[in-house]
Amino acid sequence: MKIWCCLCFAFEDEEAPLKSNKVQDNAMREGILENDNNSESNIGNDVEDAEEAAATRLALALTDNGRERDDQDSLRLFEEMIRAMRGGGTNWDERAPVLDEVVHVVAPLALRKSAICFIRRLQGESSSSTAAAAPVTGRVSEDCDRDMHNKRAKVYSGFHDCRYTEAMSADAGNSSSSADRDFSLGQSSSAPSGNEIFYHNFMWSNSNDENPSDSSGGRDDEHEGGTSKSEDLEVRMDLTDDLLHMVFSFLDHINLSRAAMVCRQWRAASVHEDFWRCLNFENRNISIEQFEDMCQRYPNATEVNIHGVPNMHLLVMKAVYSLRNLQVLTLGRGQLGDHFFHALAECNMLKSLNVNDATLGNGVQEIPINHDRLHHLQLTKCRVVRISVRCPQLETLSLKRSNMAQAVLDCPLLHLLDIGSCHKLSDAAIRAAATSCPQLESLDMSNCSCVSDETLREIALTCVNLHILDASYCPNISLESVRLPMLTVLKLHSCEGIASASMAAISHSYMLEVLELVNCNLLTSVSLELPRLQNIQLVHCRKFADLNLRSIMLSSIMVSNCPALHRINITSNSLQKLSLQKQENLTTLALECQCLQEVDLTDCESLTNSVCEVFSDGGGCPMLRTLVLDNCESLTAVQFCSTSLVSLSLVGCRAIAALELSCPCLEKVCLDGCDHLERASFSLVALRSLNLGICPKLSMLNIEAPYMVSLELKGCGVLSEATINCPLLTSLDASFCSQLKDDCLSATTESCPLIESFILMSCPSVGSDGLYSLRWLPHLTLLDLSYTFLMNLQPVFESCLQLKVLKLQACKYLTDVSLEPLYKEGALPVLQELDLSYGTLCQSAIEELLACCTHLTHLSLNGCVNMHDLNWEYSGDQLSAYPSVYNSSTLLSDENIHQSTEQANRLLQNLNCVGCPNIRKVLIPPMACCFHLSSLNLSLSANLKEVDIVCFNLCFLNLSNCCSLEVLKLDCPRLTNLFLQVCS
């Protein structure tokens, strides 16, 4: 259901003033519609001030009920609107966007037109005195009237209401009525404070004598076109008060007060008593007269809050005698005299009394609180000698942090008692107060240091229905021989007397659900079998060493900072998450948790290999999905066989030497920091990717992963035995696996036929037999054999027919004829990228390669010492192919270039010759047919002297650090990046 809050504007005809206030109305109209240049009229100036104040109030209302914007922005917005209305029609077009923004805050998009017509009509009236503007103004007014009569409900604007309110206030003279007080309060500042705005709504409403529920404002006697009051009311029913009532029900008092400044209908709706059942004046500087006015205006208020208000005692006495329906009363930060407690019985409907941080009484020894209907009483942080409470219907009583020495209670129905931090209450006083309430269910006696076990025994015998007990910071209790069978919540924080013997008493609380044992320094062990226990906390127990819990309902365990804990045994059918971080001495863990899914044992440094049995099948955790064993440095051999485990983290387990995982659902494993791992076996795991390059000592590897697509062994320098059975594997990186031999490579290629990327960089043990096994990889497109000792590439040419990328960096044993099959026999027909950096090929072999391998798109010759010049001036038969085009570069048109690009058979796009020390000249003429070349990198060529390039698609040219460069000739119309750093 969508609720739209709409604000529609109408303005009465200039010729229909109020009958009863004709003089005032004419004066206001003249003041508003007169030009700013006429500064002699006092009436006009007063009305202008009122209009500015009304705009300010309206801006504040819009700020809180529309967009979230700054008050100063709203004030500036409305000041510009007012200036536009006064300035005539010349500047109105410039102000129209500002008006549109204002109307957008108040009404939906469909109602903007009505608001604009209203402002334009106001502008027309202001300029109606001039004859030239009269026809235009009449048309605008007629259009607006027609639109508003047919589509919009008529509601008087906030501007007219403000002028009317000012006129009524001016007639009142120097009277001391609430209307006069409010008027001065509202006009004192253009930006009222919070207190002023809060109270302004009520006083403003009292400034008029008419019925506040009459949205017509008493001006319906005459209407445009002679319509009657009943007809106008019938039209106005389109904007229902029920809709406003529903929308205003979501506003607090501050925003209700601001909404009242918009128009009379909103003001009448905002002062409805349904919104003012609760009078909240907390920490507000409200006077006795204002509070009395509020009580008279809303006698049916049910809740009053005057906490932190000056003269609190006088105000509360007014409330007690004026508000007969008062149900909730909140007081504080002051002194309450004896008269208040004697008069409290006058509030027959009172159900809740809250007093915080107050001084009770005028020095009388005992403060009586007698009430027949009071249900809830709070006296927190109160200063009193003695208190007596006799309330037969009282259900909850809080005396927290009060300093009374004695509390006499006669409350037979009391079920919640809070006497926490009542340091002056003696043990006998606490015993008498608690045992006088036989229906007690919740008792908070925390920080009552004098409480003894004897008092607890008396309470247990009297309050048989006690469910919640907070005895924290009570050093004298040990719970010995105390029986609380109905207890469900027990909190024992910093109880020095609680020890392992206390668990016998707690075990009799078979209904216990929550147990908190915090900072109990004498506690050494906890052994409990409670069928209903759900939550247990063991924090900062320095001597606590043994935990034994059996509870089918246990769902939450918090164990923290128990340095002596070394054994845990937990049985539960509800526990799903277990976190035992930083238990450095934990050595033994036994779990029987059928629903456990997440376990975090981070920094449990003493855990041994036996923990693997707990989390394997048959170990008591059949539904375990996530296991974290980070920094468990005592683990040496990890072996898991689990059908449910999905994620395993062994980060920082530096002592692990053997890892064996048989987990068919395992999807993620983290081995960062497992520096000493030597043997690893992954049998039937669901891993999709695995990185073992961080295990430098890995020598034996067995992987059987039916879903794995990526495997990285980069850095496993001692890996000599590897069995890889991954039928879906597409990427294998075995860089620097120096011990990997041909037999291992052959087995891998046979069991992983879908490999597309195979990196064997720095694998010197791979020979011809291993390369011939690449024929089992029909989809192989990338092969990296850099830094190997290969002398013959024939196995690659015969086995890798679909190869697109071949990297042969620093293969120094390749001879000049090793690459002849590429440019003489057409080997590797789909090869696109070739990397021969740091090789030993001769100049002629490089020239042949550049001339004949025209299908290459990326070629890297970085660091080739035998490369002397890059001269493509004569390139075989290339020149004769285009005799009519290359006679002169000036003859080349865009059409010829496009045609040549399509006909050229050289596809080279990227050429890298970085750090070639013997290159002295680079000549690339048009006849070289490098129409696709877009990037050329010649940086660090220290002996390069001359560069002459004619290349029509070249975009990137790097000549940085070519310190010998002397001649640079470029005919590259599309060059966008040229680097010439350190070209001295």
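The values are calculated or read from the model by the stated rules, or taken from the named source; none is laboratory data. Owing to the predicted nature of the structure, the values given are computational and were not obtained by experimental measurement. Ideal geometry is used to build each Cβ from the backbone, glycine not excepted, and the neighbour counts take in all protein chains shown. For the accessible areas, the whole protein counts, side chains as well, though only heavy atoms, and no ligand, DNA or RNA atoms are used. Shrake-Rupley method; radii C 1.70, N 1.55, O 1.52, S 1.80 Å.
Of the residues making up segment 618-634, just one is open to solvent by 20 Å² or more (accessible area, probe 1.4 Å), in contact with a strand residue (DSSP E or B) (Cβ under 6 Å, 6 or more places away or on another chain) and assigned to a loop (DSSP other than H, G, I, E, B), namely ASP630. Counting the residues of segment 750-763 that are among the hydroxyl-bearing types (Ser, Thr, Tyr) and not in a helix (DSSP H, G or I) gives 2.
For segment 601-619, indicate whether the set of residues that are in contact with a helix residue (DSSP H, G or I) (Cβ under 7 Å, 6 or more places away or on another chain) and under 17 Å from LEU666 (Cβ atoms) is non-empty. Talk me through it step by step, then tell me what you get.
Within segment 601-619, the first condition is being in contact with a helix residue (DSSP H, G or I) (Cβ under 7 Å, 6 or more places away or on another chain), and the residues that meet it are 619.
Now restrict to residues that are under 17 Å from LEU666 (Cβ atoms): 619.
Yes, some residue in segment 601-619 is in contact with a helix residue (DSSP H, G or I) (Cβ under 7 Å, 6 or more places away or on another chain) and under 17 Å from LEU666 (Cβ atoms).
Tell me yes or no: at least one residue of segment 355-373 is open to solvent by 40 Å² or more (accessible area, probe 1.4 Å), touching a residue at least 12 places away in the same chain (Cβ under 8 Å), on the phi > 0 side of the Ramachandran plot and of a type outside the set (A, V, I, L, M, F, W, C). For segment 355-373, residues open to solvent by 40 Å² or more (accessible area, probe 1.4 Å), touching a residue at least 12 places away in the same chain (Cβ under 8 Å), on the phi > 0 side of the Ramachandran plot and of a type outside the set (A, V, I, L, M, F, W, C): present.
For segment 426-517, the strands (runs of 3 or more DSSP E) that sit wholly inside it and include 1 or more residues that are within 20 Å of LEU533 (Cα to Cα) and of a type in the set (D, E, K, R) are 468-470, 489-493.
Any residue at all in segment 392-411 that's at positive phi and not charged (D, E, K, R)? I'd like the intermediate steps shown before the answer.
Pass one, segment 392-411, residues at positive phi: 401.
Right, trim to not charged (D, E, K, R) and you get none.
No; the residues of segment 392-411 include none that is at positive phi and not charged (D, E, K, R).
For segment 415-425, which positions are assigned to a strand (DSSP E or B) and either over 22 Å from ILE506 (Cβ atoms) or in contact (Cβ under 8 Å) with a residue 60 or more places away in the chain (or both)? Step through it out loud before you land on a result.
So the first thing to find is which residues in segment 415-425 are assigned to a strand (DSSP E or B), and the list is 416-418.
Within segment 415-425, LEU416, ASP418 meet the criteria.
Whether a residue is free of Cβ contacts under 8 Å to residues at least 60 places away in the same chain, assigned to a strand (DSSP E or B) and surrounded by 20 or more Cβ atoms within 10 Å (Cβ to Cβ) was assessed, and LEU968 does not pass this test. Any residue that is open to solvent by less than 50 Å² (accessible area, probe 1.4 Å) and β-branched (Val, Ile, Thr) - is there at least one of those in segment 812-829? Within segment 812-829 (the criterion being open to solvent by less than 50 Å² (accessible area, probe 1.4 Å) and β-branched (Val, Ile, Thr)), the answer is no, since none of the residues qualifies. Residues in segment 856-868 that are open to solvent by less than 60 Å² (accessible area, probe 1.4 Å) and either at pLDDT below 85 or closer than 18 Å to CYS951 by Cα (or both): LEU856, THR857, LEU859.
Residues in segment 579-589 that are farther than 20 Å from SER555 by Cα and either small (Gly, Ala, Ser) or open to solvent by 40 Å² or more (accessible area, probe 1.4 Å) (or both): LYS582, GLU584, ASN585, THR587, THR588.
Look through LEU975, LEU944, LEU936 and report the one residue that is buried (at least 20 other Cβ atoms within 10 Å of the Cβ) and assigned to a loop (DSSP other than H, G, I, E, B).
Details: LEU975 fails: buried (at least 20 other Cβ atoms within 10 Å of the Cβ); LEU936 fails: assigned to a loop (DSSP other than H, G, I, E, B).
Result: LEU944 is the single residue among LEU975, LEU944, LEU936 that is buried (at least 20 other Cβ atoms within 10 Å of the Cβ) and assigned to a loop (DSSP other than H, G, I, E, B).
Given the criteria open to solvent by 20 Å² or more (accessible area, probe 1.4 Å) and either touching a helix residue (DSSP H, G or I) at 6+ places or on another chain (Cβ under 7 Å) or at pLDDT 95 or above (or both), does ARG542 qualify? The answer is no for ARG542. What number of residues within segment 546-561 are in contact with a His (Cβ under 9 Å, 6 or more places away or on another chain), at pLDDT 95 or above and assigned to a loop (DSSP other than H, G, I, E, B)? Matching residues across segment 546-561 total 0.
In segment 248-282, which residue that is outside any helix (DSSP H, G or I) and among the polar types (S, T, N, Q) is surrounded by the most Cβ atoms within 10 Å (Cβ to Cβ)? Break it down into steps so the answer makes sense when it comes.
Of segment 248-282, the ones outside any helix (DSSP H, G or I) are 249-252, 260-263, 271-272, 277-282.
Next, only the ones that are among the polar types (S, T, N, Q) stay: 249, 280.
Numbers: SER249: 11, ASN280: 17.
Restricting to residues being outside any helix (DSSP H, G or I) and among the polar types (S, T, N, Q), the top hit is ASN280.
Residue pairs whose Cβ atoms lie under 8 Å apart, separated by 6 or more positions or on different chains, with the first residue in segment 586-615 and over 18 Å from LEU549 (Cα atoms) and the second among the basic types (Lys, Arg) and assigned to a loop (DSSP other than H, G, I, E, B), are GLN597/ARG625; GLU598/ARG625; THR602/LYS582; ASP603/LYS582; CYS604/LYS582.
Please verify whether SER818 is small (Gly, Ala, Ser) and at pLDDT 90 or above, treating the condition exactly as stated.
Values: small (Gly, Ala, Ser): yes; at pLDDT 90 or above: no.
So SER818 fails the test.
Right, LYS697: within 23 Å of GLU633 (Cβ to Cβ) and open to solvent by 10 Å² or more (accessible area, probe 1.4 Å) or not? The answer is yes for LYS697. Screening GLU605, GLU592, GLU613 for residues that are open to solvent by 50 Å² or more (accessible area, probe 1.4 Å), charged (D, E, K, R) and under 21 Å from ASN561 (Cα atoms) leaves exactly one candidate, GLU605.
What do you reckon, is GLU633 at pLDDT 95 or above and within 30 Å of LEU575 (Cα to Cα)?
Working: at pLDDT 95 or above: no; within 30 Å of LEU575 (Cα to Cα): yes.
Judged against the criteria, GLU633 is not a match.
Figure legend. Inter-residue proximity from segment 308-327: first residues small (Gly, Ala, Ser), second residues assigned to a helix (DSSP H, G or I) and open to solvent by 60 Å² or more (accessible area, probe 1.4 Å), beta-carbon distance below 8 Å, spacing 6+ or different chains. Indicated pairs: SER322/GLU292; SER322/GLN296.
Condition check ((1) aliphatic (A, V, I, L, M); (2) surrounded by fewer than 17 Cβ atoms within 10 Å (Cβ to Cβ); (3) over 16 Å from SER799 (Cβ atoms)) across all residues:
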residue: CYS716; (1), (2), (3): no, no, yes
residue: GLU721; (1), (2), (3): no, yes, yes
residue: CYS726; (1), (2), (3): no, no, yes
residue: LEU729; (1), (2), (3): yes, no, yes
residue: SER735; (1), (2), (3): no, no, yes
residue: LEU740; (1), (2), (3): yes, no, yes
residue: ILE755; (1), (2), (3): yes, no, no
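For segment 708-748, name all the residues that are at positive phi and free of Cβ contacts under 8 Å to residues at least 24 places away in the same chain. Matches in segment 708-748: GLY715 only. Condition check for GLN335 on (1) surrounded by fewer than 15 Cβ atoms within 10 Å (Cβ to Cβ); (2) assigned to a loop (DSSP other than H, G, I, E, B); (3) in contact (Cβ under 8 Å) with a residue 24 or more places away in the chain; (4) not β-branched (Val, Ile, Thr): one failure, at (2).
What tally of residues in segment 551-578 results from selecting those that are surrounded by fewer than 19 Cβ atoms within 10 Å (Cβ to Cβ) and over 32 Å from the mean Cα position of the chain (by Cα)?
Here is the first cut: in segment 551-578, the residues surrounded by fewer than 19 Cβ atoms within 10 Å (Cβ to Cβ) are 552-553, 555-556, 558, 560-561, 563-564, 566-567, 569, 571, 573-574, 576-577.
Keeping just the survivors that are over 32 Å from the mean Cα position of the chain (by Cα) gives 552-553, 563-564, 566-567, 569, 571, 573.
Qualifying residue count, segment 551-578: 9.
If the condition is being open to solvent by 50 Å² or more (accessible area, probe 1.4 Å) and either basic (Lys, Arg) or in contact with a strand residue (DSSP E or B) (Cβ under 6 Å, 6 or more places away or on another chain) (or both), then segment 520-536 contributes SER527, GLU529, ARG532. ALA747 meets each of the listed conditions (1) assigned to a strand (DSSP E or B); (2) surrounded by fewer than 17 Cβ atoms within 10 Å (Cβ to Cβ) apart from (1).
The residue that is surrounded by the most Cβ atoms within 10 Å (Cβ to Cβ), among those in segment 675-693 that are assigned to a loop (DSSP other than H, G, I, E, B) and under 35 Å from the mean Cα position of the chain (by Cα), is LEU687.
Are any of the residues in segment 381-403 part of a loop (DSSP other than H, G, I, E, B), open to solvent by less than 10 Å² (accessible area, probe 1.4 Å) and under 30 Å from TYR510 (Cβ atoms)?
No, segment 381-403 contains no residue that is part of a loop (DSSP other than H, G, I, E, B), open to solvent by less than 10 Å² (accessible area, probe 1.4 Å) and under 30 Å from TYR510 (Cβ atoms).
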